[in-house]
Amino acid sequence: MERFRVMNGTQMKLLMVFLMFLDHLHYIYGLIPASTASIFTIISRCVAPMFAYLAVESVRHTHNLKKYCLRLSVLAGVMFIGNTVLNAIFRIYSGMLSDVERKLLYCNNNVIFTLALGVIMITLVQQGENQTKAKRKWFYLLGLVCFVTGFLWGEWGSVLMPFMLVEYLFHENRTMRLLGYGTIEIIALLLPFGEPLYFLVFPFIVLYNGERGKSSAFSKYFFYIFYPVHLWLIGVVNFIVMMS
């Protein structure tokens, strides 16, 4: 198995960003046919779970967990604000479009919000383990609030929240981890908003060698900048195309 572990964290993130970009090409009005968009969507189902996996790895190895939680939370907030402002502009100036066309413009993606909730949830569980019994329950209760919030309202939440919890709690227990994966798959199949193809992440987890890769501002922030900016640009391009 070790011979397959050939990609570090930076390389894996860049690969995931590329697959994500392919998937988001279908957001651009009329750019690619539906058949091609379906293929891109399928092969990109590994992206969100892989970033969730890497986020759990960061929780394990970061030197400043509070700063990491704050960074993700701020980025999720920035994306929410950016989405809200753009959607308001689109709503005001797209009166000539039909409701269906107008919905194609709106920017609603924010998987960073889900990742932030997952990281905060794990942090609360981790901190709770070091508390007295009386205090521990409050940490776990807040962690449960994060879990439920992300599960119900976060993008990919029904998969990412339990996936991150399983990865953290059972990292050293292969049997429990596999049972957790299977449970998540059942949940994903049963829920109308589930993501049953999340298991496509596992080959990439095998390829990941556990190393961080190049440490720089670029490697740290590229995904978090690229993710919202490229979606906002797609929204603007769609607006220009539809209004012309």
key: C-alpha center-to-center spacing [the range 161-212, the range 134-158] in angstrom   = 18 Å
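For the chain, what is the per residue volume of the convex hull drawn over the alpha-carbon atoms, in cubic angstrom?
144 Å³
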task = Calculate for the chain the 222 nm mean residue ellipticity that helices alone would give, adding -39,500 (n - 2.57) per DSSP H run of length 4 or more and normalising by residue count, nearest 500 deg cm²/dmol.
result = -24500 deg cm²/dmol
Local electrostatic count, LEU54, Cβ distance below 15 Å [Lys/Arg +1, Asp/Glu -1] = +4
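Carbon and sulfur atoms: what percent of the 1.4 Å accessible area of the chain do they account for?
68 percent
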request  = Using Cα centres only, tell me the gap between the range 50-101 and the range 1-40 in whole Å.
outcome  = 19 Å
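Between LYS103 and PHE18, what length comes free when the chain is fully extended (0.36 nm per residue of separation minus the Cα-Cα distance, one decimal in nm)?
Difference between extended and current length: 28.1 nm.
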message = To test your reading of the geometry: what angle, between 0 and 90 degrees and rounded to tens, separates the Cα axis of helix 217-243 from the longest principal axis of the chain?
response = 30 degrees
note = Restricting to Cα pairs under 8 Å and 6 or more apart, the percent relative contact order of the range 1-148 works out to 19 percent
Debye-sum result for the range 102-244 in log10 I(q)/I(0), which assumes one identical scatterer on each alpha carbon, at q = 0.17, 0.19, 0.21 Å⁻¹ = -1.15, -1.29, -1.36
key: Charged-residue dipole, Cβ positions (Lys, Arg, Asp, Glu), the chain about Cα centre, Debye nearest 20   = 780 debye
request  = With a probe of 1.4 Å, find how much accessible area the range 112-151 has per residue, and write the answer as a whole number in Å².
outcome  = 53 Å²
request  = Please name which of LEU72, MET20, THR114 has its Cα lying farthest along the dipole of the chain towards the positive end, using unit charges on Cβ (Lys, Arg +1; Asp, Glu -1) and the Cα centre as origin.
outcome  = LEU72
ask   = Angle between the Cα long axis of helix 34-43 and the longest principal axis of the chain, 0 to 90 degrees, nearest 10?
value = 10 degrees
request  = For ASN130 and VAL148, compute 0.36 nm times the residue count separating them, minus their Cα-Cα distance, and round to one decimal in nm.
outcome  = 4.2 nm
Debye, to nearest 20: dipole size of the range 108-244, +1 on Lys, Arg Cβ, -1 on Asp, Glu Cβ = 460 debye
request  = Keeping every protein chain in place, order TRP138, TRP156, TRP232 by accessible area at 1.4 Å, biggest value first, i.e. largest first.
outcome  = TRP138, TRP232, TRP156
inquiry  = Between VAL237 and VAL85, what's the calculated FRET efficiency when r is the beta-carbon distance and R0 is 22 Å? Round to 0.05.
reply    = 0.85
query = Which value, in Å², gives the accessible area per residue of the range 1-110 when a 1.4 Å probe is used on the protein heavy atoms?
reply = 56 Å²
message = Can you tell me which of ILE184, ILE32, ILE112 moves the most in a GNM of the chain? Springs connect C-alpha atoms under 10 Å apart.
response = ILE32
ask   = Between ILE39 and LEU70, what is the label-to-label distance in nm when each label sits 7 Å out along the Cα-to-Cβ direction?
value = 4.7 nm
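Using the crude model of +1 on Lys and Arg Cβ and -1 on Asp and Glu Cβ, and no other charge, please compute the dipole size for the range 6-71 relative to its Cα centre, in debye to 20.
Rounded to the nearest 20 debye, it is 360 debye.
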request  = May I ask which residue of THR41, GLY95, CYS146 lies farthest towards the positive end of the charge dipole of the chain, with charges of +1 (Lys, Arg) and -1 (Asp, Glu) on Cβ and the Cα centre as origin?
outcome  = CYS146
ask   = Taking the Cα centre of the range 156-219 as the origin and placing charges on Cβ (Lys, Arg +1; Asp, Glu -1), which of VAL201, ALA188, PRO162 is farthest toward the positive end of the dipole?
value = VAL201
remark   = Measuring from the longest principal axis of the C-alpha atoms of the chain, the long axis of helix 174-190 (C-alpha) lies at a number of degrees, nearest 10, equal to 30 degrees
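The values are calculated or read from the model by the stated rules, or taken from the named source; none is laboratory data. Worth saying up front: this structure is predicted, and the values here are computed from it rather than measured. Using ideal geometry, Cβ is built from the backbone for each residue, glycine included, and neighbour counts are taken over all protein chains shown. Just the protein is used for accessible areas: all its heavy atoms, side chains included, with ligands, DNA and RNA removed. Shrake-Rupley method; radii C 1.70, N 1.55, O 1.52, S 1.80 Å.
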